[in-house]
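Contents: one structure, followed by commentary.
Read the figures in this text as sums done on the coordinates, not as results from a lab. No experiment lies behind these values; they were computed from the predicted model shown. Every residue, glycine as well, gets a Cβ built from its backbone with ideal geometry; the counts of neighbours run over all protein chains shown.
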Amino acid sequence: MSDKEEMTLDGGLNVTLTLRLLMHGKEVGSIIGKKGETVKKMREESGARINISEGSSPERIVTITGPTEGIFRAFSMIAQKFEEDITAAMTNSNVTSKPPVTLRLVFPGSQCGSLIGKGGSKIKEIRETTGAQVQVAGDMLPDSTERAVTISGTPQAITQCVRHICSVMLESPPKGATIPYRPKVLPAGAHAVLAPQHSAQAFAIPGQYAFAHQDVSRASLSDRHPS
């Protein structure tokens, strides 16, 4: 994930990184902003390149590239924007407890073992140090060798968590070739079906089953419709 794999973040070295985020259309719209003003401001203030995948799929890939500090600034701004969206949504609802900000990153599956650590020790350490919740999906994303890593918490906790994750990923470069996840465009009339109780989205496409976890029962458009 870096062209300078031997460097770590601990020494304050400015390593160039590329991180990929998985977002729903509504989240992407929030990041882009009116006439692209929000994403333009984020690019200018963070110094990172922020690219959003094209297409009409329910999910989009947001790629953030730049020096480490630029990446962390971009993450901080994105998390802050989602926090503002949650606050705005709560003013018009009866919800009393504020839900955490949630971001989903995508990493090569070969690196996820290092992130989890022996017996889950590394991921536990990151949770305790940052105060953020971190979950690594059990299965690869459809037609790829990548897994989703979901982070939730306050914007500050999320940014700290991303720092720790980047440090682990730099120390453990991906092994072998990586097949990147590309969200599928749903055929006309099809609906996206969320995998219950799991963070990763699953698609129900006739004849294809691509659910986030094996314990989710198979469903097709003919026998299951989102409410």
(request) Please list 26-35, 125-134, 142-151 highest first by mean number of surrounding beta-carbon atoms within 10 Å per residue. (result) 142-151, 125-134, 26-35
(request) Quick one: grab the alpha carbon gyration tensor of the stretch 46-139, order the square roots of its eigenvalues as a ≥ b ≥ c, and give me rounded if a/c is under 1.5, else prolate or oblate depending on whether a/b is larger than b/c. (result) oblate
(message) Take S167 and K40, extend 7 Å from each Cα along the Cα→Cβ direction, and tell me the distance between the two endpoints in nm.
(response) 3.7 nm
(request) For K35, go through the lysines and keep the ones whose alpha-carbon is under 30 Å away, minus same-chain ones fewer than eight residues off. (result) K26, K81, K98, K184
(message) For a protection proxy built on the mean count of beta-carbon atoms within 10 angstrom, sort 49-57, 69-77, 88-96 highest first, please.
(response) 69-77, 49-57, 88-96
(message) With the crude spin-label approximation of a point 7 Å out along Cα→Cβ, what separation in nm comes out for D85 versus T18?
(response) 2.4 nm
(request) Mind checking the full-extension length gain between I179 and S93? Use 0.36 nm per residue of separation minus the Cα-Cα distance, one decimal, nm. (result) 26.8 nm
(request) For T65 and D139, calculate 0.36 nm times their separation in residues minus their Cα-Cα distance, and state this gained length in nm to one decimal. (result) 24.1 nm
